[in-house]
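These notes concern the structure reproduced below.
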Amino acid sequence: MKLNQQTIEQLAEHLENAELQAFEVVKITEAHPDMDWDDAYAIQAEILRRKLARGNRVVGLKAGLTSRGKMKQMGVDTPVFGWLVDYFSVPDGGEIKTSELIHPKVEPEIVFVTKRALKGPGCHIGAVLAATDFVMPGIEIIDSRYKDFKFDLKSVIADNCSSTRFVLGGQAAPVAGLDLRTLGVVLEKNGEPVAVGAGAAVLGHPAAAIAALANHLGARGEEIPAGTMILSGGVTEAVSVQAGDSVNLRIQSLGSVSTRFI
Ligand code: OOG
Ligand code: MG
């Protein structure tokens with residue numbers, strides 16, 4: 001760690017204020033060029049600590065930057081991990097207020113729900129599939145707090161990986177009998193397909209994103225508990241949205257989920 005506790009707390013407050021009040025900020029690595037990965041995750045954890053102290057609850061976890069499309073779009077090359085809290089959850093077909101957000105984008109995601117705990121190191125897709133209760137479609141809304149949605153990995157990790165809202169829906173399906181690599185994914189905006197892909201875009205197999213999360217947590221002595229909902233990462237590049245847009249995600253064999261921006 002390169003930052004002291006006081007700086008970590010200040011940066012967490014700064015980034016959380018940007019989230020709660022919907023204003024953009026400059027990348028924190030500009031003022032703190034030698035912060036390291038542990039600092040970045042410590043700031044992310046401090047933002048969560050603030051929310052839990054205010055009564056928010058963790059309702060899921062996420063992996064991000066897990067597909068080539070996303071890595072290329074954001075100019076980075078490693079997956080990142082974050083948490084999801086109660087007020088991020090939007091019901092299927094529900095509305096999202098753009099006034100609460102800065103410059104939102106939507107991503108098509110294959111969502112896992114576990115029935116057994118997963119613990120790294122050494123977690124692999126076999127262990128993930130054995131521990132998966134079901135998969136379902138999910139739209140993630142991301143809203144980097146950084147100016148022009150431009151960042152480096154440490155800045156984005158500290159900002160809880162741009163997390164802001166998510167919508168779950170469609171059909172919950174057990175993984176036995178599904179080939180998650182070849183599942184077709186179609187993201188539509190205002191009735192037009194705007195991004196298409198298949199599950200294999202996520203690290204070759206979406207379960208690999210869950211294994212990577214288990215291994216990341218394992219290195220910190222933590223695990224993915226049974227019954228955890230996890231977004232495995234945008235299958236395609238993210239698509240910008242504005243008030244008035246409606247978004248629908250269809251995933252082969254898993255049905256569809258939608259939301260509207262007001
Ligand atoms: C970082 C969050 C990425 C995903 O699914 O790749 C993410 C970002 O692109 O702002 O959630
Ligand atoms: Mg995502």
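Could you pull the Rg and Dmax for the range 151-239, using just the Cα atoms, both in Å?
Just the Cα atoms of the range 151-239 yield Rg and Dmax of 14.9, 45 Å.
For the range 1-113, what size does the Cα cloud have along each of its three principal axes, sorted from largest down, in whole Å?
Principal-axis extents of the Cα atoms in the range 1-113, largest first: 43, 36, 29 Å.
Mind sorting Thr114, Thr7 by how few other Cβ atoms lie within 10 Å of their own Cβ, fewest first?
By the 10 Å Cβ count, ascending: Thr7, Thr114.
Rounded to the nearest 0.05, what FRET efficiency do Glu13 and Asp77 give with R0 = 22 Å and r taken as the Cβ-Cβ distance? Could you check?
The formula returns an efficiency of 0.15 here.
For the chain, what is the Kirkwood estimate of the hydrodynamic radius, computed as the reciprocal of the mean inverse distance between distinct Cα atoms, to one decimal in Å?
18.2 Å is the Kirkwood radius here.
Please list, ordered by chain and number, the residues whose modelled amide H lies under 5 Å from the amide H of Gly60; skip anything fewer than 5 residues away on the same chain.
Amide H neighbours of Gly60, under 5 Å, 5+ apart: Leu84.
Over all distinct alpha-carbon pairs, what is the Kirkwood Rh of the range 4-61 in angstrom?
About 12.1 Å for the range 4-61.
Packing-wise, with mean Cβ within 10 Å as the measure, how do 146-155, 170-179, 37-46 rank, highest first?
Working: 146-155: 18.4, 170-179: 14.2, 37-46: 20.2.
In decreasing order of mean packing, 146-155, 170-179, 37-46 become 37-46, 146-155, 170-179.
Which entries in Lys51/Lys72; Lys27/Lys72; Lys2/Lys119 show an alpha-carbon gap greater than 30 Å?
Result: Lys51/Lys72 exceed 30 Å.
If I take R0 = 25 Å and measure r between the Cβ atoms of Asn56 and Asp133 in this structure, what FRET efficiency does the formula 1/(1 + (r/R0)^6) give, to the nearest 0.05?
0.55
Using the basic label-point model (7 angstrom from Cα toward the beta carbon), what is the Glu30 to Arg181 distance in nanometres?
About 4.3 nm separates the two model spin labels.
All of the numbers you see were taken from the coordinates with simple rules; none came from a lab. Owing to the predicted nature of the structure, the values given are computational and were not obtained by experimental measurement. Cβ: placed from backbone, ideal geometry, glycine included. Neighbour counts: every protein chain shown.
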